[in-house]
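Before any comments, here is the structure.
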């Protein structure tokens, strides 16, 4: 026992020897592994190198591509291995098998793209519920039924208008354009109608209305559904900005206008193969105007059309005192507005990743980057809006500004989400959060009464998102975008969409041109439409109806029938 204790207390030669052997083993094995271990795999930001033919299996788990037998040095199994290898080579080289494989894989890929696009379209459609909640929550209880009815009816109105003519105007000539139809959906060859041009600048397309004749196609129907819910988002934005004082009949006319004219024309310029998309091909300006998922096409158009409409409509009674100073009109349900914000943020994972129009093949695995960028931008926007409102505006942790900051970050990242990394996404979202707060304050001081902040969230942040593509795009994704040859752009093969910070002023120039067009088109058409409409019908309710609330006057039923409503609005004095 004594000898054991002393052996433990004193380092023995055996212990020294074991430690020395362990050190030699560690050093030696490290050297061996350093020589034999494969290099650390590089990231695959485009998804182009992820997946291979061997990964293609059928529903039963069987490989379409015959699997080569494993090599073996075992003499006893060499003969059987060689026989298997010969059989494999013969099968793999058989032409009918190759044709069958190509057809099967091709159809499966398009089918998966269609499935993905439809599923993300369903997510975007659910955003309608989020819009309704946000708008109802930020407005007064006496108008809740009226607001929810505008959110309900814009969906069928917009769908019918887009089906009637809007889709044909926006996409009718896409496949025949220099840009071409999306390969992920098979090219949509029947979108080969004529295009109206001014001096060679494509303004609008056309094709068979009602999705009839050559438009009766699975790819076309997929494209229609996905683009219809995007249009519906644009159309919904003014229902919040113009809430609590416009007549429902005026809203109905507006629903047809925005789905047939207001949205499709600018949409054609960017997404339909029109003049802005072709700035790169025709004039060598970057990749042409790039808006991946719609910061401008969807959000800025909706927000700036709202601005034109609000200018014509005027502010709510009691919003401004006799000196013109704005007064706060309290929201009636902040928790509902916040819940709506979360639903919108959830739906955005259909909005942005879905704009790949496919989930398999080529660069479509970029959806992982797109989704994460979307999430991080929303976080950046919410945080900075909360901080700025606390420090400089309300001096409180304002839920309304935080919610709108989150939405502003989402709007801003919608255009660049596919072309940037996570750091840029956070920066873009954070700037949008600041922009939302100061934009809302600016417009309110200028007499623009927007109950929900839609003009700032969608209009201001939509333009910022469009411009941010030309600043932050890193060139890792988008080679060949808008038909600009990947082998010629910036003299670098495979170079994707690239912004100022990464060496291309031309892309920023294209984005600025698109921003100017978007602002002029959207504010101009919004103002002109409501101004002309006001000459043919009364677009605003009477002062008595507005003070009483629009639920009973226009809808015939209160939103909260069993409750005594208390109007906390400031008086008209």
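The numbers here are math on the coordinates, done by the rules we state, and not lab data. A quick note: this is a predicted structure, and the numbers were derived from the prediction, not measured. As a convention, Cβ positions derive from the backbone with ideal geometry for all residues, glycine included, and neighbour counts pool all protein chains shown.
What fraction of the DSSP beta bridges in segment 103-555 is antiparallel, stated in percent and rounded to the nearest 5? That works out to approximately 90 percent antiparallel. Ordering of 338-350, 432-444, 132-144 by packing is 132-144, 432-444, 338-350, highest average first (other Cβ atoms within 10 Å, averaged per residue). Modelled this way, with points 7 Å down the Cα-to-C-beta line, the labels at residue 547 and residue 394 are 2.9 nm from one another. FRET efficiency for the pair residue 105 and residue 216, taken as 1/(1 + (r/R0)^6) with r the Cβ-Cβ distance and R0 = 30 Å, rounds to 0.70. Put simply, the convex hull of the Cα atoms in segment 256-295 casts, on average, a shadow of 2.8 nm². Can you give me the C-alpha center-to-center distance between segment 243-322 and segment 132-162, rounded to a whole angstrom? Rounded to whole Å, the Cα centres lie 18 Å apart.
With N the number of residues in segment 103-555, Rg(Cα) / (2.2 N^0.38 Å) evaluates to 0.93. Taking label positions 7 Å along the Cα-Cβ direction at both residue 189 and residue 160, the computed distance is 3.6 nm, reported to one decimal. The calculated FRET efficiency for residue 86 paired with residue 42, based on their beta-carbon distance and R0 = 35 Å, is about 0.45. Placing a pseudo-label 7 Å from each Cα along the Cα-to-Cβ vector at residue 446 and residue 421 gives an inter-label distance of 3.7 nm.
Rg of the Cα atoms in segment 465-569, relative to 2.2 N^0.38 Å, amounts to 1.94. Between the C-alpha center of segment 371-437 and that of segment 475-534 there is a gap of 22 Å. The alpha carbon convex hull volume per residue for segment 247-386 rounds to 194 Å³.
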